[in-house]
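Trainee: I have a structure I would like to understand better, so I am pasting it below and will then ask my questions one at a time.
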């Protein structure tokens, strides 16, 4: 457990040169447009998501400034409506899910010992589609066309009669972009995790982070189509006079709510489960033992993924749905606390019997547990229909979901940033700045969001651009706004830390945390080909179990991009597969998708134009290359995990 | 900077400029407009023929041209003020003339429509002077022109949450006002 | 610009004045107690785990793993028990608040508009229907069944001191009930985002002893009070000519529009603009001249009245008791 694999055995200088020549990105700007390296693409996802996080943070800060005093004049009602809608939309669609996708896309191949993800070109395309969606909606926001009907845009307010102009249309199409990107990433993560693992990495040896990413991906596949349908129906109602949400013609305003929340509830677990995966990943390094309860943790993640789809009506308790039906969702919403609780108990058990090392990643993990437990408590409270009917759509709910999201998504994310920054960049982030970052954020979160529980119970509804002096809400709002400043400053500290450490951070070796998982078995930053030779795994903690040298398997091609495919259950070598290499066509296809959907905002002509352009681009994308070598080479099944002949 | 980079930046700027110029006016929400008021009714011209050789254009700008919010407010007022009672819910006409065709008895210029609403007209059109604020009248003017499809497509109203008798202005063809022998033509098509 | 709000009981769900709110408040005490205890236990366990001195040398040996398994399983079992108790209590409470008490309820229709509340008191005699706005009078100690809908967007009726909320959804008729235990003025607010002035779509619920309530009903059924003096009379004329009557109705006059709130007994109301401002001369004048300054985006336009006209109409409206 304490001995780590000698990384030197995995790097041979000649092999490194050969492989790097095949796998590295092309130089310059064209390299940027053509890369299919999962690490480059994942870094982009994370960086872009962080920029959106900052933008949403500025929106939040402005809102808090407006609400700090009653009848304040910083934002009028129209502007405020755009701000809170953009804040929610950015955080939910453009930050939280893409950042977890990015973290997953970076880590999953490294955690399973693969050279790249399963579908590298689609991976590239997914990012561009996400970027186009984000630029679309922010472009709209900057020219007064930002959506103003809330991030969940209930009809009929978001419908054609009550939201004039193109604001909501832009929003509806942005959803399409982010949803396509998420679906692509989901398919990629599942395929990579199930078919490209190192020999010996059977299902019960897969790192928990990979399990979390896989469950997240399955949830994306089942949830995203619902919101895509909803936004499609809304766009059609607005553009071509369909009547999906028009009661006068047989539609129903509640249909929107069902379709949206069927996605919306799993969405928050899509964001949360990778967060739990991150904590389970880093705890071993900072407690010097493998995480306790691997089967329980994995089954809890899977159970949460399933149960999450049975909760959506708890967003609709104030609507005229039958009481008996609502009771089912109360029970499910309360019972989802069980798998979440199991994870927390297992983590506490790990810490209890381990030897804690108080570095920034552990601090953020502890902070995340504290904040998430508090949010989870209010979560079980609002599972109750009578209680929820009082606090629904008030600041109590705002407090609840910020606690669970900050605890379950943001704090684990920051923990992961501090933990994996060395692997991504080769340098360590500053511990001192990290501790400042943590404490400012921890204090700021409580200062901002704890008073909101009280505000909600005192009757302050959500989404109000101002409130009257006589309500008495001014003082708590002021405290919350000051807390927001503290959070803001903690993010500034983090940015400063990152910028400074990129140049001047301490050089990290391959495994600065003395960690147990495979991503630490290669250099920092990881080379373009991830692993020179495919590691062979015989336990859950490969680097702690393998003693001085990590066993590897050789035999993949050195003159082209080739990856190893293994079987689903036991990860026996199955075949070798050639990857297409770097290409610009994913970018072009993404542009045609952009043209297709953006034109559709303004005119149905987008359909034929976009289809034709997209078809041409996509045909070129998938056109098979002439090659004298077979792209897939089957391997005989009975060969043990040792040297495999070419 | 490479050639590719320069092109990309230029394209982005172009896109932003296009978006900016088309986006701004459409989405403005102006709550306390002080639009041209009395002047509009005194300077309204009902004929394109003028004595003498020169023809001076009398087309007027109206403050809510291409403003989606104002047009949708006009849509609301059209029902609330019961214009629909005489002109039909979709502007198809009943005891009052239709508003969604290309025939404009008193002219299709915004100032003509403003005058029609404020002054009233023979044969049953009430005078709304003093009953609706100028701002509200201009919103109605915008909506009436919208019914004939005289606005840009992205600015037009879409369906209301009513029965489908109220038709969808956004996908209707533009009804270019036509000159007719018994009606003065508008100088602003 | 700081506006003074009318005097009412501070909006709060933990200061119940009605049956349903009292039940939920009671439940809240159970919830917060349980949650605090559970949270405290988890935090203490976490802190001990982080800072304890003695730790096993071989944490992954079977004995340690077995012990941990037992502890984790026990914790899960306890959590499950707590949740089941919670669910049981919650379902009983849910049934209680959904059951209208066995006394003859008062029925009121609630219609939500952007951005004001319309309250109608139906009666078997059509002439006795009352239509009022933004202020809901109810008798103390009697359940009031609210039959609700909306002609535009989704709103939500919520008076925290009395009851939980219920949405008003276009195309649906929703129903809820409230009951006040003690007399008072309680403030409620729309609780579903409904557009530009969602923030200022509040209402006052005035709970009065049964006798006083009956008096109010009788007074409300009457047509508008005749103007007392010449200024008020002139104000009545201004109301009809200046465009007010295009949207507002005053029973007994020629003004019969239903676009905006019914103003028949406006002089008796505590507030204007959906409980945004106290109903006094200054506020009313400001509101009539420029509603957009107080509620930008509201459907009422600015009115260009000269000082005499304004004076007259204020006198008239104040007299509509």
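Every number here is computed from the coordinates shown, using simple stated rules; none is lab data. Note that the structure is a prediction, hence the values are computed from the model and not measured. Neighbour counts run over all protein chains shown; Cβ positions are idealised from the backbone, glycine included.
Trainee: In nm, give the distance between the simple-model label positions of residue A:605 and residue C:69, each being 7 Å from the Cα along the Cα-to-Cβ direction.
Mentor: According to this spin-label approximation, the distance is 6.9 nm.
Trainee: Ok, one more. Find how many whole Å separate the alpha carbon centroid of region A:11-37 from the alpha carbon centroid of region C:45-103.
Mentor: So the separation of the two Cα centres works out to 51 Å.
Trainee: Roughly what percent of Cα-Cα pairs across region C:1-158 reach past 28 Å? Before the final figure, lay out each step's value.
Mentor: Values: 6467 of 12403 pairs.
That fraction is 52 percent.
Trainee: Determine the calculated [θ] at 222 nm for chain A from helices alone, applying -39500 (n - 2.57) to every DSSP H run no shorter than 4 residues and normalising by the residue count; nearest 500 deg cm²/dmol.
Mentor: Numbers: 21 runs with 393 residues, N = 646.
Only helices count here, giving -20500 deg cm²/dmol.
Trainee: To check my understanding: the extent here is largest minus smallest coordinate of the Cα atoms along each principal axis. What are those three numbers for region C:147-190, in Å, largest first?
Mentor: Projected onto its principal axes, the Cα set of region C:147-190 covers 34, 16, 13 Å.
Trainee: Rounded to two decimal places and with Rh computed the Kirkwood way over Cα pairs, what is Rg over Rh for region C:223-321? Spell out each step's value before the answer.
Mentor: Values: Rg = 12.2 Å, Rh = 13.3 Å.
Using only Cα positions, Rg/Rh for region C:223-321 is 0.92.
Trainee: Rounded to whole Å, give me the distance from the Cα center of region A:268-315 to that of region A:84-140.
Mentor: 20 Å
Trainee: Assuming R0 = 30 Å, can you tell me the calculated FRET efficiency for the pair residue C:210 and residue A:321, based on Cβ-Cβ distance, to the nearest 0.05? Please report the intermediate quantities before stating the final value.
Mentor: Numbers: r = 34 Å, r/R0 = 1.14.
Efficiency, rounded to the nearest 0.05: 0.30.
Trainee: Give the share of C-alpha pairs in each 5 angstrom bin for region A:482-543, from 0 to the last occupied bin, in whole percents, shortest bins first.
Mentor: The calculated distribution, bin by bin, is 4, 15, 15, 15, 14, 10, 10, 9, 5, 2, 0.
Trainee: Now, a different point. To the nearest 0.05, how large is the calculated FRET efficiency for residue A:203 and residue C:173 if R₀ is 45 Å and r is the Cβ-Cβ distance? Don't jump to the answer; show the numbers that get you there.
Mentor: Values: r = 53 Å, r/R0 = 1.18.
So, using R0 = 45 Å, E works out to roughly 0.30.
Trainee: How big is D, in µm² s⁻¹, for region C:27-88 by Stokes-Einstein at 4 °C and 1.567 mPa s if Rh is the Kirkwood radius over C-alpha pairs? Present the calculation step by step, with values, prior to reporting the outcome.
Mentor: Details: Rh = 13.8 Å.
The Stokes-Einstein estimate is 94 µm²/s.
Trainee: Next up: Using the reciprocal of the averaged 1/r over all distinct C-alpha pairs, how large is the Kirkwood radius of region A:31-119 in Å? Write out the running numbers ahead of the final one.
Mentor: Details: mean 1/r = 0.0668 Å⁻¹.
One over the average 1/r among Cα pairs gives 15.0 Å for region A:31-119.
Trainee: Just the Kirkwood number for region A:548-618, please: inverse of mean 1/r across all distinct Cα pairs, in Å, one decimal. Don't skip to the end; give the middle numbers.
Mentor: Details: mean 1/r = 0.0632 Å⁻¹.
Final number for the Kirkwood radius of region A:548-618 is 15.8 Å.
Trainee: Can you compute the equivalent ellipsoid semi-axes for region A:477-617, i.e. the square root of 5 times each eigenvalue of the Cα gyration tensor, sorted largest first and rounded to whole Å?
Mentor: One finds semi-axes of 39, 34, 16 Å for region A:477-617.
Trainee: While we're looking at this one, here's another question. If each Cα of chain C is one equal point scatterer, what is log10 of I(q)/I(0) from the Debye formula at q = 0.07, 0.11, 0.13, 0.15 Å⁻¹?
Mentor: Log-scaled intensity ratios, in q order: -0.40, -0.76, -0.97, -1.22.
Trainee: Right, here's the next one. With the cut-off at 24 Å, report for region A:182-335 the share of all Cα pairs above it, as a whole percent. Show your work: numbers first, answer last.
Mentor: Values: 5486 of 11781 pairs.
That fraction is 47 percent.
Trainee: Largest first, please: the extent of the C-alpha atoms of chain A along each principal axis, to the nearest Å.
Mentor: Rounded to whole Å, the extents work out to 77, 60, 50 Å.
Trainee: Just counting partner chain Cβ atoms within 10 Å, what average do the residues of peptide A:368-375 show around their Cβ? If you can, show how the numbers build up before the last one.
Mentor: On the way: counts 0, 3, 5, 0, 0, 6, 4, 0.
Going residue by residue through A:368-375 and averaging, the value is 2.
Trainee: Semi-axes of the protein assembly as shown's equivalent ellipsoid from the Cα gyration tensor, sqrt of 5 times each eigenvalue, largest first, rounded to whole Å? Walk me through the numbers on the way to the answer.
Mentor: Details: eigenvalues 698, 296, 103 Å².
Listed largest to smallest, the semi-axes of the protein assembly as shown are 59, 38, 23 Å.
Trainee: Taking the Cβ-Cβ separation of residue A:502 and residue C:29 as r and a Förster radius of 60 Å, what is the calculated FRET efficiency to the nearest 0.05?
Mentor: 0.70
Trainee: For chain C, what is the mean residue ellipticity at 222 nm derived from helices alone (per DSSP H run of n ≥ 4: -39500 (n - 2.57); sum divided by total residues; nearest 500 deg cm²/dmol)? Display every interim value, and only then the final one.
Mentor: Working: 7 runs with 119 residues, N = 321.
Taken over chain C, the calculation gives -12500 deg cm²/dmol.
Trainee: Summarise the partner chain shielding of C:159-168 as one whole number: the mean count of Cβ atoms from other chains within 10 Å of each residue's Cβ.
Mentor: Working: counts 1, 9, 1, 0, 3, 10, 10, 5, 11, 2.
Taking all residues of C:159-168 together, the mean is 5.
Trainee: Now for a separate question. Hey, could you get me the Stokes-Einstein D for region A:99-179, Kirkwood radius over alpha-carbon pairs, 20 °C and 1.002 mPa s, rounded to whole µm² s⁻¹? Let's see the in-between values first.
Mentor: Details: Rh = 14.6 Å.
This corresponds to a translational diffusion coefficient of 146 µm²/s.
Trainee: So for region C:132-275, what are the equivalent ellipsoid semi-axes in whole Å, largest first, each being the square root of 5 times an eigenvalue of the Cα gyration tensor? The partial results should precede the final answer.
Mentor: Numbers: eigenvalues 160, 85, 32 Å².
For region C:132-275, the semi-axes come out at 28, 21, 13 Å.
Trainee: Determine the principal axes of the Cα atoms in region A:365-495, then give the extent along each, sorted from largest to smallest and rounded to whole angstroms.
Mentor: Per principal axis, max minus min of the Cα coordinates gives 54, 31, 19 Å.
Trainee: Hey, another quick one. Find the all-direction average of the projected area of the Cα convex hull for region C:192-253, expressing the result in square nanometres with one decimal place. Could the numbers behind the result be given before it?
Mentor: On the way: hull surface 27.9 nm².
Directional mean of the projected Cα hull area for region C:192-253 stands at 7.0 nm².
Trainee: Using the C-alpha atoms of region A:270-385, what convex hull volume per residue, in cubic angstrom, is computed? Let's see the in-between values first.
Mentor: Values: hull volume 10.7 nm³, N = 116.
Roughly 92 Å³ of hull volume per residue.
Trainee: Work out the mean other chain Cβ neighbour count within 10 Å for the residues of C:80-91 and drop it here as an integer. The partial results should precede the final answer.
Mentor: Values: counts 5, 0, 3, 9, 3, 0, 8, 8, 0, 1, 12, 7.
Across the residues of C:80-91, the mean count of other-chain Cβ atoms within 10 Å is 5.
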